[in-house]
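Written below as structure tokens is the structure these notes are about.
Values quoted throughout were computed directly from the atomic coordinates according to the rules given, and no laboratory measurement underlies them. Just so it is clear, the model here is predicted, and its values are computed rather than measured. Neighbour counts run over all protein chains shown; Cβ positions are idealised from the backbone, glycine included.
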Amino acid sequence: MLTMLLNAFQIALREIRRNLTRAFLTVLGIIIGVAAVITMVTLGQGTTQAVKNQISSLGSNLLMLRPGAGFGPRSSSAGVPNFTEDDVAAISGQIPGIAAIAPVRNASLSTIHLQNARNTSVTGTTAAWFQINKWTIADGRIFTETEQQTGAAVCVIGNTVKRELFDNAGIPASRIIGSKIRLGKASCEVIGILAAKGQVGMGDQDDTIIVPLAAIQRRLLGRSSARDISMISISAGENADSARLISEITALMRQRRNLQRNQDNNFNVFDTRQIAETLSSSTRMMTMLLAAVAGVSLLVGGIGIMNIMLVSVTERTREIGIRLAIGARAREVLLQFLVEAITLSSIGGLAGIAFALGLCYALAGLINVPFLFNPQINLIAFVFSAAVGILFGYTPARRAAALDPIDALRHE
Amino acid sequence: MPPLIELRALTKTYGQGDAAFQALRGIDLTIHRGEFVAIMGHSGSGKSTLMNTLGCLDTPTTGTYRYEGIPVETLDADQRSLLRRHALGFIFQGFNLLARTSALENVELPLLYRGLSKRRRHEKALDALAAVGLSAKLKNTPAELSGGQQQRVAIARAIVTEPGTLFADEPTGNLDTATTVEIMQLLTRLNTGRGITVIMVTHEDDVAACARRTVRITDGLIESDLVRPAA
């Protein structure tokens, strides 16, 4: 049996060698199918990983308390009161299990240094904010307790701001700390530079300037809503039950805002872990969908093999007759054609894997996602391509084996 | 020791009912080892059917066929394949070589089914090609060979397994006179030199004249069976 298999393999290889062009065209479908499946899955997983990385760079298990009923087109924060520092104190005082909390006041302000000007998102907050949002300092320092309380005109700048205002103006890195930049109405001293986080799906996180909360409230913005806080950032800690925290915070805030039973929340709590799960499950779904579409092309490739093998059986009827006449058994002819189909599709599978690796490597670099080699999908695609060979090689092989030697020899 | 080939009351019918056609109507024939037999007859006489039956490619409808005592009529297709593989060699009018395949590989083909090692296959194929005088054309494909050379490759392929019987179906039908003489000389040499039994179908008298014995078939029956006295 084994020698028969080896023989069949030898004969099949010889057959394939005899018709290299046809063999290549036959397996092209398989090559493309396998490459498509692997590329889709690999890039899909890379994208999922990239999304996870981006979300976790926002801060792990981060809760954001914001005014307004929620996300989406129906949400409106018009007429909804902002938060106050008393709210921050109440949450941190009354709810257990909070690792860190920081009030946030955001504004988009014009930022000027010498002749360079741009609009940048300016965040007024406390020192805890850096820890909650996982920022690290590349150079300089963050603001002190005293600066925070007095609302000193100091700022920590993001990497994009540093590049646009200083690097592009040819100012050496050593002279950035201590420089003064103009933020809205006031002049601020640069005391620190944030380490870059990079581009995320929702925009450039590094295009930011951080100032003490009191500074943005009193110096940079007008007087009208001076003591307002537009968002509260809460780090729940690694092992906290964020669902419990959300419900406790919600209850507390409803009470503090005097909401009646029949009134909807006029604030919302946004959980990054939840968002991360939603996003990665949707990218996973997308990956599966794309892989399924690619799988169809693999199936089409299999039909291509069957087509060529059927043509080949007809075309090689006389050859089959010769083989039968010189003593090949029907099962050996069957095995020859089956092995030929499997060998073709397996070679196609291997070529597809090689092609996919190159493609994934190039595309991962191009669309900026990590290239994660997944041995499992490569194996699955290979086994599947071999299975396609068996599935679609069997019918032609049966047809070849069923030929009568006399008729086959007489075939023109 | 039983005779090499023994046919008794052999018939072959194609089709059924009204459309039935009886190609062989009761053949009794005995062929001994080392004979050179020509089977002659007009087209439609049944000589090809007889040849296919003798070559174990086809089975008789009734009657018995003993090849070296083996009851061929009882064998299934696979068993007949094995008998062909181990005991019989074939050459055809149309040569029937594998296209785009070198002479050497064509000759190695039957050995592949015998499971011989690559080296043994190579040695035996070289020997067989030397025996037909084609040692210089090992790498040529059929398209690069003349008709006579192709038939020599086919003969090498048939004898490479050292068969007891060589079946030749109109071996010179596609060849010119000079080449016909060469091929017939080769077959005669294999018959006398190696003791291979040769059974040949032909309709040419001068080709049949190479054989010691001539069997004429008419309408599915043996019309005459003549043995030429030794020279």
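Couple of notes before you dig in:
- Three principal axis extents describe the C-alpha atoms of segment B:146-185; from largest down they are 28, 16, 15 Å.
- Here the spin labels are modelled as points 7 Å beyond Cα on the Cα-Cβ line, and at B:Glu123 and A:Gln376 they lie 5.4 nm apart.
- Relative contact order (%) - criterion: Cα under 8 Å, at least six apart; region: segment A:1-153: 14
- Counting all C-alpha pairs of segment A:246-335, share separated by more than 20 Å (%): 70
- Charge sum, other residues only, whose C-beta stays under 13 Å from B:Lys118's C-beta, Lys/Arg counted +1 and Asp/Glu -1: +3
- Under the span-like rule (Cα at least 15 Å along the axis, Kyte-Doolittle mean at least 0.0), DSSP H helices of chain A: A:2-18, A:20-58, A:272-315, A:330-367, A:375-401
- Using θ = phi - 60° and Karplus 6.51 cos²θ - 1.76 cosθ + 1.60, couplings along segment A:111-119 (whole Hz; Gly, Pro as x): 10, 10, 9, 6, 9, 8, 9, 7, 9
- Between amide H atoms placed 1.01 Å from N, distances below 5 Å from A:Gly68 occur with A:Phe267, A:Asn268, all of them 5 or more places distant or on a separate chain.
- Euclidean distance between Cα centres, segment B:153-180 to segment A:146-168, Å: 97
- Tilt relative to chain B, helix B:77-87 - C-alpha long axis, 0 to 90 degrees, to 10: 60
- Mean separation of Cα contacts under 8 Å, 6 or more apart, over the residue count of chain A: relative contact order %: 30
- One decimal place: the segment A:Met288-A:Asn239 gains 14.6 nm when fully extended, by the rule 0.36 nm per residue minus the C-alpha distance.
- Proximity of backbone amide H atoms, modeled 1.01 Å from N, is registered between B:Gly63 and B:Thr11 at under 5 Å, excluding neighbours fewer than 5 places apart on the same chain.
- Averaged over the residues of peptide A:402-411, the number of Cβ atoms from other protein chains lying within 10 Å of each residue's Cβ is 3.
- Counting only cysteine Cβ atoms and a cutoff under 4.7 Å, chain A contains unmatched residues A:Cys360.
- Shielding by other protein chains, B:87-94, mean Cβ within 10 Å: 3
- Packing-based order for A:346-357, A:17-28, using average beta carbon neighbours within 10 Å, highest first: A:346-357, A:17-28
- Here the Gaussian network model covers chain A, with springs between Cα atoms less than 10 Å apart; of A:Asp241, A:Asp271, A:Asp228, A:Asp241 fluctuates the most.
- In this entry, segment B:5-227 is assigned a mean projected area of 12.4 nm², taken as a quarter of its C-alpha convex hull surface.
- Taking every alpha-carbon pair under 8 Å whose residues sit at least 6 apart, segment B:57-133 reaches a relative contact order of 19 percent.
- Spread of Cα-to-Cα distances over 10 Å intervals beginning at zero, given as percent, for segment A:61-272: 8, 33, 34, 19, 6, 1
- Computed about the Cα centre, the dipole magnitude for segment B:130-231 is approximately 540 debye when only Lys and Arg (+1) and Asp and Glu (-1) carry charge, each at its Cβ.
- Packing rank of A:98-104, A:174-180, where each peptide gets the mean count of other beta carbons within 10 Å, highest leading: A:98-104, A:174-180
- More than 31 angstrom apart: percent of Cα pairs within chain A: 58
- 3J(HN,Hα) along segment B:131-139, derived from phi through the Karplus expression 6.51 cos²θ - 1.76 cosθ + 1.60 where θ = phi - 60°, amounts to 5, 9, x, 10, 4, 8, 10, 4, 8 Hz, with x in place of Gly and Pro.
- Near B:Phe90, the amide H atoms lying under 5 Å from its own belong to B:Phe167; only residues 5 or more places off or on other chains count, and H is placed 1.01 Å from N.
- Sorting A:Val211, B:Val207 from the fewest to the most surrounding beta carbons within 10 angstrom yields B:Val207, A:Val211.
- Test item: A:12-21 mean partner chain Cβ contacts at 10 Å: 2
- With Cα atoms defining each centre, segment A:338-375 and segment A:242-316 are spaced 25 Å apart in the structure.
- Going from the fewest other Cβ atoms within 10 Å to the most, the residues A:Thr42, A:Thr3, B:Thr179 appear in the order A:Thr3, B:Thr179, A:Thr42.
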